[in-house]
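Structure first, commentary second.
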Amino acid sequence: MKKIICLVLLSILVCLSACQNNESTPELSGRVAIIAPETVVLSQEVVTHATNVEEVLVETCQKGKIPYTLTENMFDNFGGIASTQTDGWILYINGETAQAGAKFIPLEDNFLVEFKYVNYDEAFAEF
């Protein structure tokens, strides 16, 4: 009987902590865009409880049924368009090239998260 009571209490605590996490994470809004040279894979206004850029990208791709590849904290394929040695996906946050991986960039309200498929030499020529 004690085991059953403990399991019930544990279940209640798990449910309460899960509910508390959603309530304590603020609702944020912004835009997610995934842009290739010949096509826009995704461009959508989103409202989310995600806390970082990776979370909102995964959430948005899953809702939009956009296939993606995420390996070792790196996105390298969206909508079947994969990175190569010379061209690939570059992350931009609010119009600026990201200085860290998506998982390590906190999400802020009114965000603009863009992945653009670019030629690496052209994209980094200014650096």
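We did not get these values from a lab; they are worked out from the coordinates using the rules stated. On a predicted model such as this, the values are computed, not experimentally measured, just so you know. All Cβ positions, even for glycine, are placed from backbone atoms using ideal geometry, and neighbour counts span all protein chains on display.
Would any residue of the range 80-119 have its amide N under 17 Å from a label point 7 Å out along Cα→Cβ of residue 33? List them or say none.
Correct set: 89-98, 110-119.
What Rg and what Dmax come out for the range 27-123 when only alpha-carbon atoms are used, in angstroms?
Calculated on Cα positions, Rg and Dmax stand at 12.4, 38 Å.
With labels modelled as points extended 7 Å from the Cα through the Cβ direction, what inter-label distance (nm, one decimal) is found for residue 125 paired with residue 96?
Reported label-point gap for residue 125 and residue 96 is 2.3 nm.
Points 7 angstrom from Cα along the Cβ direction at residue 112 and residue 43: gap in nanometres?
1.2
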